[in-house]
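**Q** Sharing a structure here in structure tokens format.
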Amino acid sequence: EAAARQLAPDRVVRQLEATADAFFRWHGVCPPLPVGEQKPLAVHRARLALVEATGTVLANGLRLLGISAPDHL
């Protein structure tokens with residue numbers, strides 16, 4: 001909201017970049033899918049929800065900037 005009032009899209013870009021960086025650091029440490037023969041657990045469902053939420057945030061932020069988000073990374 002502040003970025004829109006101040007006509008400062010760079011603030012949105014920096015926030016999206018920080019969000020993406022934090023997500024990819026987390027993703028490397030906490031895989032959202034079971035590994036190998038591991039059975040899916042509640043933690044995997046929670047992690048998948050976080051993945052989906054992060055994707056929504058990034059896609060909406062890009063849309064605010066007039067950039068279409070890819071369907072899949």
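Every residue, every condition in (1) surrounded by 12 or more Cβ atoms within 10 Å (Cβ to Cβ); (2) within 20 Å of Val12 (Cα to Cα), yes or no:
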| residue | (1), (2) |
| --- | --- |
| Val29 | no, no |
| Pro34 | yes, no |
| Thr54 | yes, yes |
| Arg63 | no, yes |
| Ala69 | yes, yes |
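**Q** In segment 33-55, which residue that is under 13 Å from the mean Cα position of the chain (by Cα) and not basic (Lys, Arg) is nearest to Ser68 (Cα to Cα)?
**A** That would be Gly55.
Residue by residue, here is whether (1) touching a residue at least 40 places away in the same chain (Cβ under 8 Å); (2) hydrophobic (A, V, I, L, M, F, W, C) holds:
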site: Ala2; (1), (2): no, yes
site: Leu16; (1), (2): yes, yes
site: Phe23; (1), (2): no, yes
site: Pro34; (1), (2): no, no
site: His44; (1), (2): no, no
site: Glu52; (1), (2): no, no
site: Leu62; (1), (2): yes, yes
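**Q** Given the conditions (1) in a helix (DSSP H, G or I); (2) over 14 Å from the mean Cα position of the chain (by Cα); (3) surrounded by fewer than 14 Cβ atoms within 10 Å (Cβ to Cβ), and given that Ala3 satisfies all but one, which numbered condition is not satisfied?
**A** Every condition holds for Ala3 apart from (3).
No lab work stands behind these numbers, since they all come straight from the coordinates. Bear in mind that the values here come from a model prediction, so they are computed numbers and not experimental data. Quick reminder, even Gly has a Cβ in these numbers, built from the backbone with ideal geometry, and neighbours come from all protein chains shown.
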